[in-house]
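Data block below; observations after.
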Amino acid sequence: MLEPEAIQAALYAAAGEVQALVNHLGLAARSAPTAKLVFEADFQASLRLAFQFGRVETVSVNAPLGTKGVLKDPVDVVVAGKARTPQFAAEIAWHPRGEDHAGFASRTMWDLVKMVVARQAGAVEQAGVAIAAPSRFWRWLPGYADDHPGYDLLASNAETPTSTKAEFLAGPAWNHVFDGGMDRDLPERLWTSLLAGTQIESPWAETEIRLLEVKGLGQVSTVRSAG
């Protein structure tokens, strides 16, 4: 398992690289496709390099954590361990800079639940989700979470980690998660805490990146039946 300081340092270094890219691109950063396709990919590459710096263990991108279910789907960044189990793995969710905050939050919840499954299965020692979004998304999120159970997991902070019963996933609003192949057996509670956060700012783009640690708590049970 990585020390919190090592994770924070990697996030800050990767964000610094993206900040330099934003400054370099200038007005091109106004383009939503540019923000999505260039910045997310470069952040992923920068985060891999930042974790790799001074480390003997290999850091990979787009690597699976298992051979079946959602664990066979590639994970954005994986830090190998001294033994077989990786020390750390994280998915990256980069806001496309449109106004569909609810759609982005829903897609990010898929990443969060996937990483909970990875932790619960023992496929990784520590798991996270790096969420990069404009300030307007982070202002919008708390109010949305008040009326939509589960989304408060995305708004967690270091002082007050968030723990929510996984039963919220049984509702029809989450059909897309399980139709997409998510594991139906989950811990009693889902838990998140802020590991690190930083800001990317320029006249052309502003993005706040929050890296959440995620895990499950309690006994595993079937959230919903198949079919």
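The values are calculated or read from the model by the stated rules, or taken from the named source; none is laboratory data. Treat the numbers as computed from the prediction; the structure is a model and nothing was measured. Every residue, glycine among them, receives a Cβ derived from its backbone with ideal geometry; neighbour counts consider all protein chains shown.
Is it the case that W140 is modelled with pLDDT of 95 or more and more than 25 Å from L47 (Cβ to Cβ)? The answer is yes for W140.
From the list G122, G66, the one residue that fits, being out of contact with any Lys or Arg (no Cβ under 8 Å at 6 or more places or on another chain) and of a type outside the set (F, W, Y), is G122. The residues of region 171-200 that are part of a helix (DSSP H, G or I) and either surrounded by 15 or more Cβ atoms within 10 Å (Cβ to Cβ) or of a type in the set (D, E, K, R) (or both), listed by number, are W174, V177, F178, D179. Candidates are the residues of region 5-55 that are at pLDDT 80 or above and outside any helix (DSSP H, G or I); the one that is surrounded by the fewest Cβ atoms within 10 Å (Cβ to Cβ) is G54.
Counting only strands (runs of 3 or more DSSP E) that sit wholly inside region 72-168, those with at least 1 residues that are without any contact (Cβ under 8 Å) to a residue 60 or more places away in the chain are 75-79, 88-94, 162-165. Scan region 201-227 residue by residue and report those that are farther than 19 Å from V18 by Cα, of a type outside the set (K, R) and not in a strand (DSSP E or B). If the condition is that a residue be farther than 19 Å from V18 by Cα, of a type outside the set (K, R) and not in a strand (DSSP E or B), then V223, S225, A226, G227 are the ones that fit.
For region 201-227, filtered to residues that are of a type in the set (V, I, T) and crowded, with 19+ Cβ neighbours inside 10 Å, the residue that is farthest from Y12 (Cα to Cα) is V223. All conditions but one from (1) touching a Gly at 6+ places or on another chain (Cβ under 8 Å); (2) at pLDDT below 95 apply to F88; the one that does not is (2). Filtering region 124-137 to residues that are at pLDDT 95 or above and surrounded by fewer than 19 Cβ atoms within 10 Å (Cβ to Cβ) leaves only E125.
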